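Taking it in order: structure first as structure tokens, then the write-up.
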Amino acid sequence: MKHVALLIPRLDRIGGAERQMMLLAKGLARRGWRVSGVALSSLGAEAADELHAAGAEFLSLEMRKGLADPRGWLRFHRWVQRQKPQVVHAHLPHAAWLARWSRLAAPVRVVIDTLHSSSTGSMGRRLAYRCSNWLPDRVTAVSEAVAEAHLAARMTTQSKLAVLPNGVDVEACRPDADVRAALRREMGLEKAFLWIAVGRLEAVKDYPTLLWAMVETPETACLAIAGAGPLESELRGLAKALGLEGRVRFLGFEPEARRWMQAADGFVLSSLWEGLPMALLEAAACGLPAVATDVAGTRAAVIEGRTGLLTAAEDAKALAEALTRLMRMPAGERAAMGQQARRLAMERYSLEAVLDRWEALYEELLERHAKPRRQG
């Protein structure tokens, strides 16, 4: 049985990259791979239980000081030497650097890392990628926008780079009239136009602009925000100051955000940048039209005028106009837009098709590299 280790910095805070890693882990395990989820610094919480239930393994390296913790490096090296994964596939920068440099002490046949954001980060991050680009066998990006940004920053090379998009479980994420009716009744939202936003409460999601935009939308508009993060107190204070307490609900971390998508009328994303946002793909699979900022990473997931509307970033007035425009569309036109969104998700981002591509890449690289190697 072939063994793949999926590395991630942590699994106690679930964002888009973590959700994608979990979907890959469970999907590959279902297809007969031995799968190990490896977190650098968290114990995994519910995610670890979810992996075990799916037939995958979980290991925490318990790195209390991040990559500066030598004990985590030693744990990983010993684990690789003992368990002998043929493929080490890392997600996000710290996991990528661990996977790359560990190869010098604990050789494996194939090392891959995946770029999830179009942001190239600080000069230190860019230099770290440039200095270690000789170590992985392949670098993948979740969208063309992510690939272009990292090529422009010279953090990878065209010869090593491939674009493999995020995948979404289009069978689990689908319209459900019963869930819609029940949740809206439970929350007293039967007559509201419900917008759903999903994502951590961090600066990149630009929730302040979304809250300011909500002030200018029709009073029937309500917003549910599924996510937790360091800006929660600040955002709650802003919503109160703007008089939105009755129209905006902060749901906190919502492990079942899908049911809110099934209950909503539209999805909204106000990010400053993205990679290929999982929440947007899941909302599309649930048949929701979207209003999203026209930034790198979202353009691949929204077809202007057909599956949703794109608007300028950091512009509350433009965002309010787009939200209002979609709200005032005839119901049939809006439903058709949602159907197109689901069709796009099924055609481009089906999890099973994405798993096919990952398996093909793993097999291609394993065939090329028959023995563990110390470097790329």
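Quick note: the coordinates plus some simple rules give every number you see, no bench work behind them. This is a predicted model, so every value here is computed, not measured. Reconstructed Cβ throughout: ideal geometry from the backbone, glycine too, with neighbour counts over all protein chains shown.
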Work out how much length Asp49 to Glu148 would gain on full extension: take 0.36 nm times their residue separation and subtract the Cα-Cα distance, in nm to one decimal. 32.0 nm
May I ask which residue of Ala241, Ala335, Leu310 lies farthest towards the positive end of the charge dipole of the chain, with charges of +1 (Lys, Arg) and -1 (Asp, Glu) on Cβ and the Cα centre as origin? Leu310
Counting other Cβ atoms within 10 Å, keep those with at most 16, restrict to DSSP loop, and tell me which trypsin sites (Lys or Arg not before Pro) in segment 172-242 are left. Lys191
Options [x] 62, 39, 36; [y] 68, 47, 35; [z] 57, 53, 50 - which one matches Cα extents along the principal axes in Å as calculated here: [x]
Name the helices (complete DSSP H segments) of the chain with a Cα length along the long axis of 18 Å or more and a Kyte-Doolittle mean of at least -0.5, or state none. 16-30, 351-368
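In the neighborhood of Glu321, defined by Cβ-to-Cβ distances under 15 Å, what is the net charge if each Lys or Arg adds +1 and each Asp or Glu adds -1?
Neighbour charge sum, excluding Glu321 itself: -2.
So how much slack lies between Arg357 and Lys2, counting 0.36 nm per residue of separation and subtracting their Cα-Cα distance, in nm?
Values: separation 355, 0.36 × 355 = 127.80 nm, distance 1.62 nm.
Gain on extension, Arg357 to Lys2, equals 126.2 nm.
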Of Val88, Val110, Val80, the most mobile residue in a GNM of the chain (C-alpha springs, cutoff 10 Å) is Val80
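Helix-only estimate, please: 222 nm mean residue ellipticity of the chain, summing -39500 (n - 2.57) across DSSP H runs of length 4 or more and dividing by its residues, to the nearest 500. Could the numbers behind the result be given before it?
Numbers: 14 runs with 159 residues, N = 376.
Rounded to the nearest 500, it is -13000 deg cm²/dmol.
Where in the chain is the longest stretch that carries no GluC sites (Glu not before Pro) classed as loop by DSSP and with at most 13 other Cβ atoms within 10 Å? Before the final figure, lay out each step's value.
On the way: sites that count: Glu171, Glu190, Glu219, Glu245, Glu256, Glu314.
Value returned for the longest uninterrupted segment is 1-170.
Rank these for me by crowding, Met337, Met278, going from fewest to most other beta carbons within 10 Å. Please list the in-between numbers first.
Details: Met337 22, Met278 26.
Fewest to most other Cβ atoms nearby, the residues stand as Met337, Met278.
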Hey, for a label at Thr220 modelled as a point 7 Å past Cα toward Cβ, could you say which residues of segment 309-342 have their backbone N under 11 Å away? 327-331
Along the charge dipole of the chain, which of Pro93, Trp79, Asn166 sits closest to the positive end, that is, farthest toward it, with unit charges on the beta carbon of Lys, Arg, Asp and Glu (+1, +1, -1, -1)? Trp79
Quick check for you: which residues of segment 312-347 have the amide N under 15 Å from the point 7 Å beyond the Cα of Arg306 toward its beta carbon? 336-347
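Rank the residues Lys371, Lys84, Lys65 as a footprinting-exposure proxy: fewest other Cβ atoms within 10 Å of their Cβ go first. If you can, show how the numbers build up before the last one.
Details: Lys371 7, Lys84 13, Lys65 10.
By the 10 Å Cβ count, ascending: Lys371, Lys65, Lys84.
For the chain, give the magnitude of the charge dipole about the Cα centre (Cβ charges: +1 Lys/Arg, -1 Asp/Glu; no others), in debye to the nearest 20.
Working: 51 positive and 43 negative charges, 319 e Å.
Around 1540 debye, computed over the chain.
Out of all DSSP beta bridges in segment 177-349, what portion is antiparallel? Express it as a percent rounded to 5. Walk me through the numbers before you get to the answer.
On the way: 1 of 21 bridges.
If I count the DSSP bridges inside segment 177-349, around 5 percent turn out antiparallel.
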About its Cα centre, how strong a charge dipole does segment 224-303 have in debye, to the nearest 20, once Lys and Arg get +1 and Asp and Glu get -1 at the Cβ? 140 debye
Between Ala300, Ala68, Ala316, which gets the highest mean-square fluctuation from a Gaussian network model of the chain, Cα cutoff 10 Å? Ala68
Report the gain in length on full extension from Arg126 to Phe253: 0.36 nm times residue separation, minus Cα-Cα distance, nm rounded to one decimal. 42.6 nm
